[in-house]
1. Quick one: how many residues across region 162-192 are at pLDDT 90 or above, surrounded by 14 or more Cβ atoms within 10 Å (Cβ to Cβ), closer than 23 Å to Asp100 by Cα and not hydrophobic (A, V, I, L, M, F, W, C)?
2. Working carefully through the options Glu118, Glu55, Glu3, find the one that is part of a helix (DSSP H, G or I), surrounded by fewer than 20 Cβ atoms within 10 Å (Cβ to Cβ) and touching a residue at least 40 places away in the same chain (Cβ under 8 Å).
3. What number of residues within region 90-102 are assigned to a helix (DSSP H, G or I) and either among the polar types (S, T, N, Q) or surrounded by fewer than 23 Cβ atoms within 10 Å (Cβ to Cβ) (or both)?
4. For Arg18, all conditions in the list (1) without any contact (Cβ under 8 Å) to a residue 40 or more places away in the chain; (2) over 30 Å from Leu221 (Cα atoms); (3) surrounded by fewer than 20 Cβ atoms within 10 Å (Cβ to Cβ) hold save one; what is the number of the exception?
5. Considering region 32-42 alone, what residues qualify as being more than 18 Å from Asn166 (Cβ to Cβ) and touching a Lys or Arg at 6+ places or on another chain (Cβ under 9 Å)?
6. Is at least one residue of region 22-31 of a type in the set (A, V, I, L, M, F, W, C) and either assigned to a loop (DSSP other than H, G, I, E, B) or over 17 Å from Val165 (Cα atoms) (or both)?
7. Residue under question is Asp130, and the condition is that it be touching a strand residue (DSSP E or B) at 6+ places or on another chain (Cβ under 8 Å) and touching a residue at least 60 places away in the same chain (Cβ under 8 Å); does it hold?
Amino acid sequence: LGESPAIQEVRSIIETLRGVPNTTVLIRGETGTGKNLVAKTIHYNSTYNAGRFMEINCAALPDNLLEAELFGFEKGAFTDARASKPGLLEIADGGTVFLDEIDSMSLALQAKLLSFLESRTFRRLGGVDDIRVTTRILCATNANLEERVMEKEFRKDLFFRINVVNLHLPPLRLMGRDILTIAEEILRQFARELGRDVEGFTEAAREKLRTHTWPGNVRELRNVLERAIIFARGPQIDADDLLLSSFDGLDFSGSNNGTFQFPTGATLEELEQAYILHTLKTVNSSYAEVADILGISKKTLWEKRKRYNLDAQV
């Protein structure tokens, strides 16, 4: 949606990819910019649309489980492997596997992925037979992979292999008038889904949408509009219907030097939510690194991000 130069470029690249089968694409952009939606659009507008679209967040699982999910395993490959199971690469043969937050993948697993991309063959965990598939790989990240390569946290050879086509999604705050175009389409979608007779925005609401910085990008916009349409009191969304902060006045921002200021009067759950959000904003790095700083696993961080809806606020 939209007519800004950045969106037109994204649309042009997607259209070009329609006639270029099996090209690896790296989708880049801040959290909430719609990388998942773009990946699905690339899949369904390609010759791979007859196959399945499978996605996995590389930060959501520990390495051993991520490897098993991707490549599958044979019976007895590890404890509790009571039966063989195909991985996503097999299930999506002839289709697409979308690897979100690929920067969170370990170096060892990166090497195995690179081997697959070069040969189009792999072995299940515990297997001895090479399996050949035509699965297309799409990757996404919100991290600076060039810096990760320099810091030896991401393989240089894999970076060049997945960066054949680089598709950068602009943050919502830089999309000018397109913000209202996107908001109006999202509003129509929610009106249909929720059966609400709401049409458009008042001028005050439009101004509020235009001037907000949208740190959570399109994901934040969707959350704000879903709530607005549920509680709207008139035929149009007004400025008062747009709740742009979920913290009800509590100051969770921290001080200018990056130290965390504990808000007074907050519950233990609110403190946890605030501290995780503060760390996500301050570190501005991969979820794996944030999890290390917090002293929790990537899976636990993922669960708390979903529980507190933090991705819409980073």
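1. Within region 162-192, residues that are at pLDDT 90 or above, surrounded by 14 or more Cβ atoms within 10 Å (Cβ to Cβ), closer than 23 Å to Asp100 by Cα and not hydrophobic (A, V, I, L, M, F, W, C) number 1.
2. Only one candidate passes the filter, namely Glu118.
3. 2
4. Only one criterion is unmet by Arg18, namely (2).
5. Gly32, the sole residue that qualifies.
6. There is no residue in region 22-31 that is of a type in the set (A, V, I, L, M, F, W, C) and either assigned to a loop (DSSP other than H, G, I, E, B) or over 17 Å from Val165 (Cα atoms) (or both).
7. no
The values are calculated or read from the model by the stated rules, or taken from the named source; none is laboratory data. This is a predicted model, so every value here is computed, not measured. Here Cβ is always computed from backbone atoms with ideal geometry, including for glycine, and neighbour counts include all displayed protein chains.
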